[in-house]
Each structure stands twice: as structure tokens, then as C-alpha cells.
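Reading through the C-alpha cells given below for one structure.
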Amino acid sequence: MTSKVAVISGASRGIGRACSEALAAGGWTVAVGYRTREADAKETLEALESAGTPGMTVYLDVTDESSVQEAFRRVNDEVGPVTGLVNNSGYSRDGLLLKYSMEEYERTMITNLRGSFLCSRAALRSMLREKWGRIVNMSSAVAIHGNAGQTVYAATKSGLLGLTKSLAREVGGKGITVNALCPGLLQTEMTAHLTDDARAFYLDQTPVRRAATLDEVSAVVRFLMSDEASYVNGTVIPVDGGLTA
């Protein structure tokens, strides 16, 4: 195991898996957090181990406070104190506000915002003891410019920006940095539902005229989690090809 241990929520696929691989390449021991995709999480771990980096999988339901506490206890006990966290778990269900159900509202809020709060609080306990830490919150470009049909999702991702900036002020003097990323259009399972017309609209609004790759997002995460980013704190970084410029 390495001296740096990171927990990544929603790490079994997509951005989470890409971040797992990027951080492992950067010298981190990665705890691959999952809720429903255990087989995918194990596959991610196998990829890390085949590249020569140890790690572990951990069941992590960010909507359940007891699950969060148990997950971080396991990671601290089994591989060492957690000094890195990528809040990547997310849920999105598009819909106009007038027709949006309270059930979907609660699920989106609990997963995207409350879950990041719970994981950050759990991670901070070991970070404060170690006097060093890195937290990266995965927000979205819609937190900056909004999008019709994604009012609730955008609200949660905007909330993450407030959490990021305020927490950065709370713990910056303790050797801990907190930053947020706002990716634009990505080719992931969460965007698979987009119609060709919707995808074309996003690409037309993006100056580089293409979607981001997972590696382009995870590379920024790896930098923010590194020693080189020690003076980067409380920032919101769009990784969107100029969509929000």
C-alpha cells in the first residue's frame, strides 16, 4: 500500500473508474466505492492491480449515513488513513419542474448533495489527524449555466459549489484543499439517454465541437489531488471545452 489513500464514490465505471486509474498511476492506494455494481468494482480493482497498484473495493451507499461511516472505517482499518476523496456518486433524471415528482427530487438531492456532505465529513476525520488531505467534488457544467429540464440536477450540482468553497475556507489552514470540477458533455452511461438532437445541441454550444474524454477529466482530478496543487483551494474548474466560457 502507498502512504496516500483515496476513496472514490461511484468508482465502478465511467468517470469514477477513470479517476481510480489516474490516481493509482499517481501513487494513490484507491478504495473503489460502489453501491450496485460490485462486479464492475472488482473489475476496476483488477485493472489497478494488474498495473501494479494495490487497492480495495468497498460498499458505499452515499445515501445511507451508516453505510458511509462503515465504509470509511473499513478503509482506514484495512489500508490506512484516508487522505483523499473524490465525491463522484451522482444521480440524474431529467424532467420539467412542474412534472417532477418529490420522489425523484429527494433521490437526486440525497445522492448528489447530501451524499457528498456525508463522505466529506467522514473523510475529514482522518485528514485532520494527518494534517493533509485532498477533496474533489464532481459537479457539472449545468451548475454554471443551467439547462432546461435539469432544474433539480443543476440545483444539487450548484449546491456542491457552495459546499466546495465554504469547506475550503474551513479546512484550508489544516493542509486540506477542497476543489470542484464541472465537466461538460461526456460519453458516459448517465448521458446515454440523450437524443441525437440533444447531443448535437450540446456539441454546437461547445467551442471545441466534441465531447470530453474520461481521461481529460480524470487528469484534472489527478492534478488537484497531487502535492503540486497544494495552493489550489476552493476553485471551480470547468472541463467543458469552453461550453461555459
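Read the figures in this text as sums done on the coordinates, not as results from a lab. Here the structure is a predicted model, which means the values were calculated and not measured. Positions of Cβ are backbone-derived with ideal geometry, glycine not excepted, and every protein chain shown enters the neighbour counts.
Roughly what percent of Cα-Cα pairs across segment 78-185 reach past 25 Å? Counting pairs separated by more than 25 Å, the tail of P(r) holds 25 percent. The helix-only estimate of mean residue ellipticity at 222 nm for the chain, built from DSSP H runs of length n ≥ 4 each weighted as -39500 (n - 2.57), is -14000 deg cm²/dmol after division by the residue total. Using the alpha carbons alone, the radius of gyration of segment 126-236 stands to its Kirkwood radius in an Rg to Rh ratio of 1.03.
Computed from the Cβ-Cβ distance with R0 of 30 Å, the FRET efficiency linking Glu106 to Ser3 stands at 0.15. Fully extending the segment from Thr235 to Glu38 would add 67.7 nm, taking 0.36 nm per residue of separation and subtracting the current Cα-Cα distance. Sorting 230-243, 30-43 by average packing, meaning the other beta carbons within 10 Å per residue, from highest down gives 30-43, 230-243. Hull volume per residue, based on the alpha-carbon atoms of segment 1-55 and their convex hull, is 56 Å³.
With only the Cα atoms considered, segment 33-77 has a convex hull volume of 55 Å³ per residue.
Across the chain, the volume of the C-alpha convex hull divided among the residues equals 118 Å³ per residue. Per-peptide packing, taken as the mean over residues of other Cβ atoms within 10 Å, places 13-22, 47-56 in the sequence 13-22, 47-56 from highest down. If you average the sequence gap of Cα pairs under 8 Å that are 6 or more apart and divide by the length of the chain, what percent do you get for the contact order? With pairs under 8 Å counted, the relative contact order is 19 percent.
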